[in-house]
Structures are given as C-alpha cells and as structure tokens.
1. Pull up all non-local amide H partners of residue 112: gap of 5 or more, or a different chain, and H-to-H distance under 5 Å with H placed in the peptide plane.
2. Per residue of the range 247-258, in order, report the coupling 6.51 cos²θ - 1.76 cosθ + 1.60 (Karplus, θ = phi - 60°) as ³J(HN,Hα) in whole Hz, putting x for Gly and Pro.
3. Placing unit charges on C-beta atoms (Lys and Arg positive, Asp and Glu negative, everything else neutral), compute the dipole magnitude of the chain about its Cα centre in debye, rounded to 20.
4. List every residue whose amide H lies under 5 Å from the amide H of residue 88, counting only residues 5 or more places away in sequence or on a different chain, with H placed 1.01 Å from N in the peptide plane.
5. Could you sort the peptides 90-100, 238-248 by per-residue average Cβ neighbour count (10 Å cutoff), highest mean leading?
6. Taking a ≥ b ≥ c as the square roots of the Cα gyration tensor eigenvalues, with a/c under 1.5 meaning rounded and otherwise prolate when a/b beats b/c, else oblate, which class fits the chain?
7. Exposure proxy check: 266, 172 ranked by fewest other beta carbons within 10 Å?
8. Classify the range 23-168 from the C-alpha gyration tensor, please: rounded if a/c falls under 1.5, else prolate or oblate depending on whether a/b exceeds b/c.
Amino acid sequence: MRGAICGLALAAILTLAGPVVAAPVDYAQPANWLCRPGRDDVCSRPLTSTVVSPTDGALTRKTYAPDPAAPIDCFYVYPTVSREPTGNADMTLSPEIEHVAAEQFARFSAECRTYAPLYRQTTVAGLRRAASGQPDSGLAYADVRSAWRAYLAHDNHGRGVVLIGHSQGSSHLARLLAEEIDGRPAQRLLVSAIITGTNVQVPKDADVGGSFHHVPLCLRAEQTGCLIAYSSFLASSPPSGDAYFGRSRGRGLEDACVNPGALIDHGQLDSELPTVGRVAEALGTPLVENPGLISAECESTGIWSFLAVTIKPTGVGAMTLNRVLNDMAQRAPGWGLHGIDVNLTLGDLVEIVGRQAKAWTAQHRQGG
C-alpha cells in the first residue's frame, strides 16, 4: 500500500504550487525533527535484519549500529505516508513516519549523522485533489527548504552532506538541489544525492545536464558531488503506457538510472527488504536479506529508462521473492517496484555513502 501512496505523489507533487499561507515551521526547535544527532530517536537505535542463506535457508541475525562519530551528515526527506483528511499533514510524529524512516533511512546512521525534518507533506487526500486540478499549496516544499536552510545555518559547520529521499521526498529534494545547491556555494558540501522514485532527467548518453546543470550522475562508488537516481521495475514487467516512472520528458532526454550495485562492481544487489505482517512476526526483525538472489541493470527502451530487477530462479527464498515482487508489479503496473525502490539497493547505498564519506573528507583535508 505504501507504494500506491508514493505513486500518487509523483503524479501530482510537481504541480505548479500556489501561495503558502500557513505560518513557517521553526526548525531551531528539536521537536520539529524526526531525526537529529545526539538523541534517542528512530535513526539512533541499532537496527536488526534477518539474513536467509540461499543454500540451506539458515537464518542469522545482523545488527547494524549507528556511528555517533560519523564524518559526514545525511539529510533525509520521507515519502508520502500521511492519510490525514487535510491537504497537508500536521507536524505530528506518527508511527507511519517512524516506520518508513526505520525502513529507508536508519541504516545510513552507520556512515553519517542523521538529520530528517518533520514536514507538512502533501497527504494522499491532497494528492487526489491536486490530480483533479486543485493546485498544491507548496507548503511541503517550503518546509523542506526551511529545514535545509536551518540545518546549514546551525548544524552543518562545513561538513559534507548526503541528500536522501524517496518519492514525494525525492521530488522536494530534486527541487531543493536545483534551486539551492546546483551551481551555488552549498554545492561544495554535497557528498552525493540519492533521490529515487521521482523524475530526474539527463541527456541521453551523458552524465550531466537536464534537471541539473552542475551535478553529474555517479559513475563510481568513490565519486563525490554526484547523483544516484532510478526507478525500479521487474525486468519481466517493464514500464509502458501511462506508467508513472521512467519516462523521458523531452527530446534527447531520458529518466536517470544509476545502478548502485554496478557502482560497487558486483553481480547482485545487497537488498534489505522490509518485513510485514506474518513475516515480520516470524522473523522478529524489520528487515530481511536474501543474498545472491536479486540483481539489476539499467535498461533503456524507447522513451523508458529504468532499473530492471531480476530474481535468481534457484536458491532458498527465490520462489517467495518472485511471488511477492510479481504480485507488487501486477497490482500496480504503473508503479513497478516503487514501494521498495530504496530497500532493493539499501546495503549497496550504505556502502557507497561510506566510500564517498572517506573520499570527501580526504579531499577536504587536502584542500581539494
């Protein structure tokens, strides 16, 4: 269901915004943040995962611990989770927000200090109104921008920072990157931007241009100041027709696709998938890993460019993964695997951020 919510977000979130009339949020107040360093929150707690052996099905448990001395920061904007009846959510820290942050963002605390603002996101109801022609208020983006400016003014202190988002969160971060960072002084702080499940355009056969003039796609794991973006579909169910994601938006352009697994140069994805329902109860962990079973590559066909995901046909758990992912793709073909965009490559992304952190700090120690 979360994938459906996120899919609606991308259909409307970039609608021409109307005026913001609500009072601004004071991001100097810690209560207006989902995650901040130095306190007990969803991003500062150890996170557990169950690893399923592909050979004999043996279950082992991993615990991922935050690093309070991490050398860089990460700034996260969560996707659409609010089902409040109003057009914009309030500033309440709901279980849904904590849940998605645990699934998508908490793992990065091993490599960076975590910052994530609460914001008055466009709700499912607001997205439906926008889809029917009512303009979006612009309130959600205004909050994200205010949080970013407050972070720069009071918390950054010249540290490198990674932008991380998904769906509606990625849409706001893409706009923030274009308006506040690309070609501006803040770009020197950019370790990378990971903005999955939204529309980012690049010229075909080029790594820079289109949505951003000075921020290129990442071509290797240690590259800094670059962008990772993609929308995921099963290779057997590629985007077509009126699919929300992966479409070219102009002549000579294509939707950006950077395969995190390829940046690390291995044949499989290090997926860390969220557990739900009976699986979550049985395993007792919020994440599950099936090493060696999921691979992906970027594909371009006609107007579509996307991360094509394949499940290995053999191995313990392969049948279950195939069934779950095919069911997701068939229930919402226009969205593909949107609901698990981040988790499909989560282990790879965390490793890449760790490598980028080392490269960025080395460059800046040397005055680079």
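Each reported figure results from applying straightforward, stated rules to the coordinates on display, with no laboratory input. All values derive from a computational prediction rather than experimental measurement. All Cβ positions, glycine included, derive from the backbone under ideal geometry; neighbour counts span all protein chains shown.
1. 67
2. So the J values, rounded to whole Hz, are 8, 5, 10, x, 4, x, 10, 9, 5, 5, 9, 10.
3. Dipole size: approximately 340 debye.
4. Those lying under 5 Å, H to H, from residue 88 are 123.
5. Per-residue Cβ counts within 10 Å, averaged per peptide and sorted highest first, yield 238-248, 90-100.
6. rounded
7. In increasing order of surrounding Cβ atoms, one gets 266, 172.
8. Verdict is oblate for the range 23-168.
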